[in-house]
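Heads up, the thing below is written out as structure tokens.
The values are calculated or read from the model by the stated rules, or taken from the named source; none is laboratory data. Just so you know, these numbers come straight off a predicted model, no measurement behind them. Don't worry about glycine lacking a Cβ; one is built from the backbone with ideal geometry, like all the others, and counts go over all protein chains shown. Surface areas here come from the heavy atoms of the whole protein model, side chains and all, with no ligands, DNA or RNA. Shrake-Rupley method; radii C 1.70, N 1.55, O 1.52, S 1.80 Å.
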Amino acid sequence: MYFLQKPILLQGHERSITQIKYNREGDLLFSVAKDQFVNVWYSVNGERLGTYNGHTGAVWCVDVDWDTKHVLTGSADNSCRLWDCETGKQLAVLDTNSAVRTCGFDFSGNIIMFSTDKQMGYQCYLNFFDLRDPQQIEDNQPYLSVPCSESKITSAVWGPLGEFVIAGHENGEINQFSAKSGEILKKIKEHTKQINDIQTSLDLTMVITASKDSTAKLFDSSSLEHIKTFKTERPVNSAAISPIMDHVVVGGGQEAMEVTTTSTRIGKFEARFFHAAYEEEFGRVKGHFGPINCVEFHPDGKSYSSGGEDGYVRIHYFDPQYFDFELEA
């Protein structure tokens, strides 16, 4: 794609990147990886601010609250941890029976949700804690714990107004779980394989899902009505919605077990840009030496970041031409 400046390369992980997350202002970028480090960077120049130290296993997920006060992480060390964003101090450890796969703050920053993996005889749970109640944290007792016996949760985000969580499952299902009762409010199955990633639009009215079935799909957050589909030829690991343009970016690659059978030079590891209305691909960005595991737009829409199996995070700033770009209908 001709409308990118030279990317900023963030080198702070020794293993593949699992998730990246901007704070609301977009001045900070958080990255987690399979190497137990949680890093925070200045997004404007790629300078590393610091590391949140404490996890002893791969970190699968990270989130930051609305006013950048707290950071939440979930790990294969069977814990979900709460951190003071500024000081890096660990504020709480919530121990679980299996790996924590997804985590997130609701809009208020008061309620957290996280899901645990189905493994070692334990089933998948979606847990809700109210941070305003220190007793819940102290006793490690969620006010709500929802068992997901059918298919484990592989990705999850909060819906608008913090009323429910939208969860993607291993079998391709998407469910809305009420944050009050835990009941399933809506259920759809538009994907045929595992959902690797769910992200919301900036105003939370839409979500985009990325699936192993080689597609990314756009849905209405509240009704779960299926709006658009973006097709590729390989598993999609992550997808994001631009906050200012009618664009989505998707990143993927191939299954880890197939990586040895193809040359890295073939350049299948590109971020792909689609027009959200026309479902047309209009650009690709090379860069990672391996599958792209996560993509995210900066909240101002003027740049995006990607995290790869290669352990690097790349911040790409768009050139001015990008914003004048119109797809010829």
Residue in segment 4-13 that is surrounded by 14 or more Cβ atoms within 10 Å (Cβ to Cβ) and among the basic types (Lys, Arg) present: no
Enumeration of residues in segment 22-74 that are charged (D, E, K, R) and either outside any strand (DSSP E or B) or in contact with an Asp or Glu (Cβ under 6 Å, 6 or more places away or on another chain) (or both): Arg24, Glu25, Asp27, Lys34, Asp35, Glu47, Asp65, Asp67, Lys69
Residue in segment 108-127 that is touching a Pro at 6+ places or on another chain (Cβ under 7 Å), over 25 Å from Arg24 (Cβ atoms) and modelled with pLDDT under 95 present: yes
Filter result for Asp63 (surrounded by fewer than 21 Cβ atoms within 10 Å (Cβ to Cβ), of a type in the set (Asp, Glu) and more than 20 Å from Gly311 (Cβ to Cβ)): no
Residues (hydroxyl-bearing (Ser, Thr, Tyr), in contact (Cβ under 8 Å) with a residue 60 or more places away in the chain and open to solvent by 20 Å² or more (accessible area, probe 1.4 Å)) located in segment 14-60: Thr18
Selected residue (only one of Gly283, Gly311, Gly287 is in a loop (DSSP other than H, G, I, E, B) and more than 17 Å from the chain's Cα centre (by Cα)): Gly287
Only listed residue being among the small types (Gly, Ala, Ser), part of a loop (DSSP other than H, G, I, E, B), open to solvent by less than 10 Å² (accessible area, probe 1.4 Å) and free of Cβ contacts under 8 Å to residues at least 60 places away in the same chain, chosen from Ser108, Ser115, Ser98: Ser98
Filtered residue count, segment 222-251, keeping only those that are of a type outside the set (A, V, I, L, M), more than 13 Å from the chain's Cα centre (by Cα) and either crowded, with 21+ Cβ neighbours inside 10 Å or closer than 18 Å to Tyr22 by Cα (or both): 4
Residue that is most open to solvent (accessible area, probe 1.4 Å) [pool: residues in segment 159-184 that are farther than 25 Å from Val249 by Cα and out of contact with any Leu (no Cβ under 9 Å at 6 or more places or on another chain)]: Glu183
